[in-house]
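To keep things clear, I will list the structure first and then write my remarks on it.
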Amino acid sequence: RQPAVAIRGLETAFPILGDPRYAGLAARMVHNYGTILLAPQNLAVSGANQVLHNIVAGNFYRGNIVLVSPSNGPFASKFQEFGVSVRIGNVEELIEVIRDIRFAICNTIMTAHIVNTLQERGVPCAWVLHEWWTKDMIPVELGKRNDKNLTVETVDMALKNCAATVSVCKAQQELYGPRNGEVIFVGTPDVDAENFPVLKAVLEKSGAVPRALEAGYPSRALTVQKKDVVTFLCIGIVCPRKNQAFTVKCFKKFVGDRKDARLLVVGVRKIRDYEIAYVDEVEKAIDGDDRIELHDVTHEVDNFYSMADVILLASLNEVTPMVLAEAMARGKPVMTTGIAGIPEMLDNGAEGFICGEEDTDACVAEWASRMKELADDPALRLRMGKAGVQRYMKQYRLQGMVDQYRSLAVRLAKPVILIDMDGVIVDWDRGFLEAWGGRTAVNRVHYEMEKCVPADRFSEALELFCSEGFFRKLPAMEGALSALKQMVSKGFEVLICTAPFAKSRYCAQEKWEWVREHLGDDWLKRMVITQDKTTVRGDLLIDDKPAITGSQRPLWKQVLFDAPYNREIEMGHRQRMTSWRDWEDVLAQELTLPADEEEDSSEATPSTPASGPSGLKSVRSTGSVTSEEVAKLRDFSHELEGTSYLKDYRSWRAGKSKGAKGEFWQAVADIERIKKQMFLEGDDWSSVHVYRRGYSDWRRGRARGAKGIRDQGPIEAAAFM
């Protein structure tokens, strides 16, 4: 599921990711503590923000995620739905307030100055580039945006200093030439195969049908049938960059007098002047041909994808356009120009055809010829569609992209493993027994050794391990020293975290001397000597103590190192490590997301509550509400702007006798309509699919769709707002 190009660099710096024994676990490895910072250019509707949203939605991190943006925008609520804390402001102020940021993702070239700030503050950062700007274009494009934070020098510095500059294709990486480059292809969400026979057939053959789709999908061979009308689809904002007028020209060249083909052009918006002018140009190119249809932007793109036989994309300026990945995910052959990173998305003649982008007779003839080839050969369309699904499964699954970002975070911000000394690295029991010399029997049922000897020898035992030289002479636990060195070589940040025996004047110094003697001077830098381990930050603490308490709620999760005195205790969520031979298995499991957490495939259970037109359950009033109680409630007036409900809501808050007219579900519907319209009017409508997924979930009654609405009464819905 992960292209080799994006993982190769991770194996070098974090070798456990390249260990074949942990191939399935490495992609799901995450940290146990700390905050992840997201720093987008803004929160506007854009394909770049959709990628960042997809990373979050894919369970990239199970802890705290904070997003900081210089301005608010429609995408803020989409991040908040997944528990992201959204703050409007600047990074400098944020990192002074939030002190445990372990890793950051900066999004778009316009965040170069943030990259530099984070690198200076020691926060490892992945910088995701979506643009295709040559060196000559960079000063021009930055000048257009008039951002005083950004200069050519700022961008150059970020390219040199960023811990990981992520490109969405190899060609883009070669264009920018970062010092520390990574390639991670942009993933697209899985598709409901119900309306896409080629996708369904491939999934059934490979045994990869998602659990949610297994029911009602009998295995059967896909037959090749000639269609009465072959549908070509061109989807994307109608504008000069997408080059739809050229697409129409090529289609008309191919179709001639034929009646068995049609072209659907989806994406008319007419907001900006250049969009209005270009739509006029496309309409002139169509010239009344009833085989060519022009449609507005829509959230329900799968209606068009399901009708299409071939997807066309004649763009003049793209990097890795998502429409191609979406087409392949649905088993549709594609025709496209070969600009930027597109040749890395498909092989010419395999998943589709790559044609020239020049508006010349030769290019038009090439496009027309390939259209004819696909229109006349249903077997070819089927073969290319199947190849496209395979390419999607290998290279463009959303979860594959998320796995790679998760692995990148783990590599740049190494998991911190805290390791106790006594009873874990040091064989304290063997050392004590040798020093005790058989004076009495020792019943090792207590954690404190002095309680394991006869009561009348309690003080004698204390005196022994408070004596000079006792701690320094203790032997190493079998396999411990080699395991510690292996941990470091595998890419973990290892710290020895030990609590000295407070009654011994020699203990702390002798522990230091022990580490120096057995592990070397370099390991002295890895020592943390403390009486309160709960104050130390780490992902895991390997310790034999049955119960560790202190002044803080620990950030680490304990792995219990096996000992006779901890075998009968309540384990809770802890895992036991029986010996140092098990360390790799234990760490891989403890730092890995459970498979069922990685992808949410839960289905909602249909329910039939008494409800109004919206599906909201009826909630009976339990009594009147006083004006004092209303005053304590949050005021939603600013969120109801633009809805028919606002005037009546204000009347209700003011205590007027008639209160609010109409139904609350109508206000919710109005708000959702406004939000959806904001997405349709965004800069990159064709790359943004958050509302498409919501609509699809609603159709199937999934947890975030209809079921979630049906199960909440008006009061709960208001609270959610």
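Of note:
- Shape category assigned to the stretch 453-571 from the gyration tensor of Cα positions, a/c cut at 1.5: oblate
- You can think of it this way: the chain between ARG383 and LYS144 has 81.5 nm of extra reach, that is 0.36 nm per residue less the Cα-Cα gap.
- With all protein chains in place and a 1.4 Å probe, the accessible surface of the stretch 461-533 carries 48 percent carbon and sulfur.
- Remark: the ASN443-ARG553 segment gains 36.4 nm on full extension, using 0.36 nm per residue and subtracting the alpha carbon distance.
- For the listed peptides 183-189, 144-150, a ranking on the average number of other beta carbons within 10 Å per residue, highest first, reads 183-189, 144-150.
- Per residue accessible area of the stretch 265-341, 1.4 Å probe, in Å²: 34
- Long-range HN-HN contacts of HIS295 with modeled amide H, under 5 Å: VAL265, VAL266, GLY267, VAL268
- 5 angstrom amide H check on ASN107, placed H, neighbours 5+ away: ALA39, GLN41, VAL128
- Electrostatic tally near ASP228: other residues with Cβ closer than 14 Å to its Cβ, Lys and Arg +1, Asp and Glu -1, net +3.
- Contour minus Cα-Cα distance for GLU468 and ASP289 (0.36 nm per residue): 54.7 nm
- Peptides 234-241, 446-453, ordered by how many other C-beta atoms sit within 10 Å of their residues on average, highest first, read 234-241, 446-453.
- J(HN,Hα) series, the stretch 267-283, from Karplus relation 6.51 cos²θ - 1.76 cosθ + 1.60, nearest Hz, glycine and proline x: x, 6, 10, 6, 9, 8, 4, 5, 5, 4, 5, 6, 4, 4, 5, 5, 4
- Percent carbon-and-sulfur accessible area, the stretch 159-203, ignoring ligands, DNA and RNA, probe 1.4 Å: 41
- Each other residue within a Cβ distance under 13 Å of ASP289 adds +1 if Lys or Arg and -1 if Asp or Glu, for a net charge of +3.
- Where labels lie 7 Å past Cα in the beta-carbon direction, separation of ALA455 and ALA350 in nm: 7.9
- Highest mean first, the peptides 97-110, 324-337 sorted by other C-beta atoms within 10 Å per residue fall in the order 324-337, 97-110.
- Once the C-beta distance of LYS525 and GLN80 is scaled by a Förster radius of 45 Å, the resulting FRET efficiency is 0.65 to the nearest 0.05.
- Residue-wise HN-Hα couplings along the stretch 177-188, as the Karplus relation 6.51 cos²θ - 1.76 cosθ + 1.60 with θ = phi - 60° gives them from phi, are x, x, 5, 10, x, 10, 10, 10, 5, 6, x, 10 Hz; Gly and Pro carry x.
- Flagged links, alpha-carbon separation over 32 Å, of LYS200/LYS270; LYS451/LYS490; LYS78/LYS394; LYS485/LYS545; LYS144/LYS414; LYS170/LYS242: LYS200/LYS270; LYS451/LYS490; LYS144/LYS414
- Accessible surface, the stretch 371-432, averaged per residue in Å² (probe 1.4 Å): 26
- The local environment of LEU524, defined by Cβ-Cβ distances under 12 Å, has a net charge of 0 under the rule Lys, Arg +1 and Asp, Glu -1.
The values are calculated or read from the model by the stated rules, or taken from the named source; none is laboratory data. Just so it is clear, the structure is predicted and the values come from calculations on it, not from any experiment. Virtual Cβ from ideal backbone geometry, glycine too; neighbours counted across all protein chains shown. Surface areas here come from the heavy atoms of the whole protein model, side chains and all, with no ligands, DNA or RNA. Shrake-Rupley method; radii C 1.70, N 1.55, O 1.52, S 1.80 Å.
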